[in-house]
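Chemist: Structure in structure tokens, see below.
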Amino acid sequence: MPESPETLVGRLFNAFNQRDIGQIVELCSPRMEFFAVTAKEVGRGAPYIGPEGLRDYLKDVERFWEELLITPARVERRDDRLLVFGRVFVRNREFGIRDMPVAWIWQVEEGLFVRGEVFADPDEAVSRVARAPA
């Protein structure tokens, strides 16, 4: 029986918070595309793609943030996408400490994450999902 969206997201977010690259790669398709706020902060213009991209992402997180934790609060299924509302806690010398609401849009196929995007503005994520073709 396939995992519920809430369970799947919980496993991914827990793996991220633990920086468990093996578990993250296991939960993601080899063709995973991830668009993260951290990419902009480190000057990366392209998404993180595949297992190597996910490894690069974790390296960028460790290099830029002293601490970064994510917490999902609500998951809404929208066709093959999951709209996740939650919070991110970040800390670094430049920005100090921030605890803020965020949203993610995840595309899941056959129980694996194939695309993810982080939105610092949850309303932008809601608009994006509403505009996306089913």
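Chemist: If residue 110 satisfies every condition in (1) under 13 Å from the mean Cα position of the chain (by Cα); (2) closer than 14 Å to residue 8 by Cβ but one, which is the exception?
Modeler: Condition (1) is where residue 110 drops out.
Chemist: Continuing with this model, one more query. Any idea how many residues of the stretch 44-83 are hydroxyl-bearing (Ser, Thr, Tyr) and farther than 17 Å from residue 117 by Cβ?
Modeler: 1
Chemist: Since residue 38 meets every condition but one in (1) modelled with pLDDT under 90; (2) touching a helix residue (DSSP H, G or I) at 6+ places or on another chain (Cβ under 9 Å); (3) over 22 Å from residue 127 (Cα atoms), which condition does it not meet?
Modeler: Failing condition for residue 38: (3).
Chemist: Only one of (1) out of contact with any helix residue (DSSP H, G or I) (no Cβ under 8 Å at 6 or more places or on another chain); (2) crowded, with 16+ Cβ neighbours inside 10 Å is not met by residue 6, so which one is it?
Modeler: (2)
Chemist: Another one. For the stretch 116-129, name all the residues that are touching a Ser or Thr at 6+ places or on another chain (Cβ under 9 Å) and in a helix (DSSP H, G or I).
Modeler: Those that are touching a Ser or Thr at 6+ places or on another chain (Cβ under 9 Å) and in a helix (DSSP H, G or I): none in the stretch 116-129.
The values are calculated or read from the model by the stated rules, or taken from the named source; none is laboratory data. Treat the numbers as computed from the prediction; the structure is a model and nothing was measured. Glycine gets a Cβ as well: all are built from the backbone with ideal geometry, and neighbour counts include every protein chain shown.
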